[in-house]
Each structure stands twice: as structure tokens, then as C-alpha cells.
Amino acid sequence: MKNSMILAAVLLAASLSGCIAVSGVHDEDIVRANTELAVRVCGGEANIQEVTEDGYVCRTNP
């Protein structure tokens, strides 16, 4: 039981960590395409700062 609770907590944390900031949404299809491209180019969801209709911005590590 304890292991299943830990697994559930890990899965919840992983699903919440995949949030990506999206601004200025008018066309969801374009934003979705830019998001898929950003995930590939930036190296994963954790490395994306913002996705818009115009493109995306990868996070920079100082």
C-alpha cells in the first residue's frame, strides 16, 4: 500500500511538472505545433520557457 501511494505521488508530481507557459492564444493548432517543436528543439518540456503563436523560447541556464 505504501509503495502504491509513493508511486501515485511521483506520477502526480511528474504530470504537474510538465506545465508550459502559453500566452496570446488565438489559434490552438499553431500553439500545439509550436509546443511539439519546442519540446524537441529545447530538449524536453522542462527546458521550455514560453510558447506562443509566433514561436517558442527555450529556458537558458545561467
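Amide H to amide H distances under 5 Å link I48 with R59, where only residues 5 or more positions off or on other chains count and H is placed in the peptide plane. Projected label points at V57 and I30, each 7 Å from Cα along the beta carbon direction, are separated by 1.8 nanometres.
Read the figures in this text as sums done on the coordinates, not as results from a lab. Bear in mind that the values here come from a model prediction, so they are computed numbers and not experimental data. Reconstructed Cβ throughout: ideal geometry from the backbone, glycine too, with neighbour counts over all protein chains shown.
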